[in-house]
Amino acid sequence: MIVKISTTSLKPGMYVTNPGLNPHANKGIFLAESEIKDHNEIDAIVGGNFTVTFIDTELGSYFADKPQIKAEIEKLYTLFAEVKYGEEKKRASFDVIIAGLGTAEQQYSRILSQYKSAISKISNNNPLDIAACEDLVRQLIDQHESISLAMTILTQLKRFDDYSYTHSLNVSILATAFGKHLDLGSEELMTLGMAGLFHDIGTIKIPDKILRKPGKLTPGEMAEIQKHPVYGSDLLSRYSRISADVLKIVNEHHEKFMGGGYPKNKYGDKINSKSYMVGIVDTYDSVRSDRVYRKGVNAHKAVSLIFNSRNISYPAFLVDSFVKYIGVYPIGSIVELKNGLKAIVVEQFSDSLLHPIVRVMLDENNRYCEPADVNLFDMSLRSDEYDIVRCLDKSECRLRLKAYLNRTRRQ
Ligand SMILES: [Fe+2]
Ligand SMILES: [Fe+2]
């Protein structure tokens, strides 16, 4: 079976193959027909800026003495390929989202303070207010689609000093929105929302000097951090209102599809699919955030990072659904086109994720110009001048999303 993996997961003895792709049109994918000889070869591939490759599990020596691992991987690929969720829906446009932004902002602030007061009780040795948390998740589930999408944009604008609260709320917002996109029922959405809120609650048992350490963690400190899923599920198991599914997700949100995660190094279908969903949105939100030890990446880079972990950290069908939901260039991303224009992504189509509709805001000399919407799919049929060449970081562009949103709302 041919499997797509990250080049950093290559092992000597794996057989690299090319499933018929043109190497010139697929830069970054290592395409060859050979067995990996040693670690030097892997280092050279990774160092050559190839991020993914394909391996054939039938060939090469690696899987020859590991029939169980081979069988598990192949079974999982078949199993996950057969899992079907509902059809992806067409999302609301940027303008509909903008119209709901004011309401979404008020809702976000209200829910955030509700969450803070429910959580703060625990630091004063009082029980957690589970009913209040269920109530706020229900508000997230019940809100109109445009407000829900506006909230996913707001998850990009949160403040650094509130990280532990905003991150948990963002994971809950993104997990329920992702679940809605997959047409999950209200009980499953509640499970996702509650698990999102509480996924990192175990970190309250970890000293601040480790959690906020700017430098590299020692192996001992790292081991302590990796206990937070167990601390969290233990703490929550004292509450009868918390379901077994929520406990499972809190415990499993750092487990990985191919193994190598924590706390139990589970893999494949031993991990609940909702744990994978929370894991995906957790990664998406945390890599975008500025932390004491690193700068956050833009939304497009966060999506690419998750895409590269397809069938490594998370099953492919869930990664693909997430990318279809959030977009390759998420709504609100600032992109640079080949002709030098800078634009904001305002609408996207799940069958043409590389060619969204963008609103051009800055000319090739970085001067504001009359906003104009351009359908990049139509333009791509005529020339490559309107191809997206990159996604800009907030610091690189004087076009500020929040300022732009305010400008739009004043009109
Ligand atoms: Fe975590
Ligand atoms: Fe987290």
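A few remarks follow.
- Across the stretch 224-257, the number of residues qualifying as more than 13 Å from ligand 2 (Cβ to nearest atom) and assigned to a loop (DSSP other than H, G, I, E, B) comes to 11.
- Extreme residue, nearest to ligand 1 (Cβ to nearest atom), among residues of the stretch 240-257 that are farther than 15 Å from H199 by Cα and surrounded by fewer than 21 Cβ atoms within 10 Å (Cβ to Cβ): K256
- The sole residue among Q156, Q106, Q143 that is more than 16 Å from ligand 1 (Cβ to nearest atom) and either in contact with an Asp or Glu (Cβ under 7 Å, 6 or more places away or on another chain) or modelled with pLDDT under 85 (or both) is Q156.
- Single condition L174 does not satisfy, out of (1) under 15 Å from the mean Cα position of the chain (by Cα); (2) away from ligand 1 (no atom under 16 Å from the Cβ): (2)
- Only one of the listed residues (D320, D269) is more than 14 Å from ligand 1 (Cβ to nearest atom), farther than 25 Å from D129 by Cα and free of Cβ contacts under 8 Å to residues at least 24 places away in the same chain. That residue is D320.
- Residue match in the stretch 183-198 (condition: within 14 Å of ligand 1 (Cβ to nearest atom), crowded, with 16+ Cβ neighbours inside 10 Å and either at pLDDT below 95 or of a type in the set (D, E) (or both)): no
- The set of residues in the stretch 176-202 that are touching a Gly at 6+ places or on another chain (Cβ under 8 Å) and within 11 Å of ligand 2 (Cβ to nearest atom) comprises F198, H199, D200, I201, G202.
The values are calculated or read from the model by the stated rules, or taken from the named source; none is laboratory data. Computed from a predicted model, the values in this text were never measured in an experiment. Every residue, glycine among them, receives a Cβ derived from its backbone with ideal geometry; neighbour counts consider all protein chains shown.
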